[in-house]
1. Taking only Cα atoms, what is the 0 to 90° angle, nearest 10, from helix A:152-163's long axis to the longest principal axis of chain A?
2. Restricting everything to alpha-carbon atoms, can you work out Rg to Rh for the stretch A:109-258 with a Kirkwood hydrodynamic radius?
3. Roughly how tilted is helix A:235-247, in degrees to the nearest 10 and between 0 and 90, from the longest Cα axis of chain A?
4. Restrict the search to the stretch A:110-167; then list the trypsin sites (Lys or Arg not before Pro) that DSSP places in a loop and that have at most 15 other Cβ atoms within 10 Å of their Cβ.
5. Among bridges DSSP assigns within chain A, what percent are antiparallel (round to 5)?
6. Please get the size of the charge dipole for the protein assembly as shown, origin at its Cα centre, with Cβ charges of +1 on Lys and Arg and -1 on Asp and Glu, quoted in debye to the nearest 20.
7. In bins 10 Å wide, starting from 0, what share of all Cα pairs of the protein assembly as shown does each bin hold, as a percent?
8. Restricting attention to the stretch B:1-83, which trypsin sites (Lys or Arg not before Pro) occupy a DSSP loop and are surrounded by at most 16 other Cβ atoms within 10 Å?
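The values are calculated or read from the model by the stated rules, or taken from the named source; none is laboratory data. Source: prediction; values computed, not measured. Glycine also receives a Cβ, built like all others from the backbone with ideal geometry; neighbour counts cover every protein chain displayed. Ligands, DNA and RNA are excluded from the accessible area calculation, which covers all protein heavy atoms including side chains. Shrake-Rupley method; radii C 1.70, N 1.55, O 1.52, S 1.80 Å.
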Amino acid sequence: MTRTTSDTTAPGLFVPPTRFAVPGRIAVSNREAARWQTATLTEVRRETPHASTFRFAVPGWAGHLPGQHLMLRLTADDGYTAQRHYSIASPPEDAGHIELTLDHVEGGEVSGWFHTLAKPGDEVEVRGPLSGFFAWPGDRPALLIGAGSGVVPLMSMIRHHRMRSLTVPLRLLVSARGPEELIYAREYGAETTPVFTRRAPEGVPVGRLSASQVAPLLAAEQPPGGWEAYVCGSNTFAEHASRLLVAAGQPVDRIRIERFG
Amino acid sequence: MNVTRGFTGRPRVQNAGLPPGQYDAGDDWPVLSAEVTPDLTPADWSFRIDGLVAAPRTWDWAEAHALPASAYEGDIHCVTSWSKFGVRFGGVSLDAFLEAARPDASATHAVAYSHTGYTTNLPLADLTGGRAWIAWEYEGQPLPAEHGGPARLLVPHLYFWKSAKWIAGLRLLDHDEPGFWEQNGYHARGNPWEEQRYSGD
């Protein structure tokens with residue numbers, strides 16, 4: 001077999017820092033992921049001026065793990081369909097039901113329908129749960145970092161943690177422009193540190209997520225065995241937060257990222 | 001058909017280039033990767049072809065750029081349902097690399113792997129015949145890191161998770177071996193025109 005000179009391992013040849021291709025946290029049921037099911041809207045709850053939670057009854061829902069998402073489909077009467085991926089906000093304990101928290105996206109074809117037309121009794125279609133990569137079964141200490149509606153899959157983890165009375169360490173850093181835009185504000189407890197980027201209550205600093213908030217969690221407050229980090233938000237936020245984590249010493253193969261395209 | 005009350009959707013645009021279930025993302029180019037964007041410079045980058053080939057080899061940045069330039073101008077489609085029209089990538093046709101490595105007759109599939117360890121599987125037939133590239137330019141500029149720069153695989157006729165960012169190599173096999181998302185429930189091939197999104201589609 002012929003080998004070229006560049007085939008030998010030259011000094012300075014890049015060595016991948018990690019095997020990123022760690023397996024997903026759970027196996028996904030292919031059958032469930034392939035099947036469209038009817039979801040009936042049962043309740044709409046306002047969370048912030050721009051986000052609401054939509055609760056659905058899905059009697060055949062096989063269950064999910066916190067952090068997983070689904071695909072949702074709307075169909076017009078001429079057969080035109082629109083489908084989008086959404087993270088699941090509700091915990092798996094909420095059997096037969098799922099909740100999604102959606103931002104009202106400017107000009108959003110699907111979110112626009114939800115925020116202006118949807119009402120209890122309406123039916124949509126869902127398939128899932130999808131992707132085990134971002135799932136958290138509640139086994140390892142979890143450091144959650146989210147911004148805006150990026151907190152949605154992380155909230156499923158917090159709710160799961162509470163409903164199961166888990167003792168495995170869980171921390172959430174959640175970024176919002178101001179207190180009125182903090183989704184699920186009333187539900188947070190001691191595990192959560194809000195970060196306000198534009199407006200904050202009196203005495204609370206204003207500014208983007210910083211090393212001063214991340215570094216202590218990876219030093220003094222790091223649990224034995226370290227954190228599994230879950231980052232969710234816009235791409236800009238995910239880049240910023242993941243770099244802070246790496247700078248603070250979090251191994252890159254223990255950072256899971258869900259970016260909003 | 002399960003009609004959603006009151007849903008009309010966007011005005012229908014007659015666009016023959018839009019696969020079923022997709023929408024036109026316009027100027028947006030969403031970033032969808034589950035990993036930390038690596039700090040990978042052209043000097044760090046290399047691309048290797050091995051496995052069932054007569055001449056396994058590794059190209060560095062300069063060696064890869066010495067191959068004949070080849071551009072793609074056309075559309076890309078993401079499984080999350082956006083498509084992007086008329087994008088221009090510059091790089092080298094994968095045929096030029098494969099020609100040098102000389103695949104064995106027994107090679108039927110490839111696993112593409114990235115410098116971060118991401119993997120994705122492809123039939124070899126989807127990588128040959130001018131249908132796949134190693135791309136390092138986007139719209140005439142260096143490919144941004146968050147989109148896979150300095151160089152990514154480009155297989156535009158399949159869903160874009162097949163176009164591995166930060167491409168490090170191809171391993172040729174005589175069987176199909178699921179990659180990262182394929183192990184996580186996504187389809188083995190990912191043809192947008194057949195809506196091969198998830199395993200079982």
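1. 90 degrees
2. 0.99
3. 40 degrees
4. A:ARG164
5. If we restrict to bridges inside chain A, about 55 percent are antiparallel.
6. 760 debye
7. P(r) over the protein assembly as shown, rounded to whole percents: 4, 20, 29, 26, 15, 5, 1, 0.
8. Of the trypsin sites (Lys or Arg not before Pro), the ones in loops of the stretch B:1-83 whose Cβ has at most 16 other Cβ atoms within 10 Å are B:ARG5, B:ARG12.
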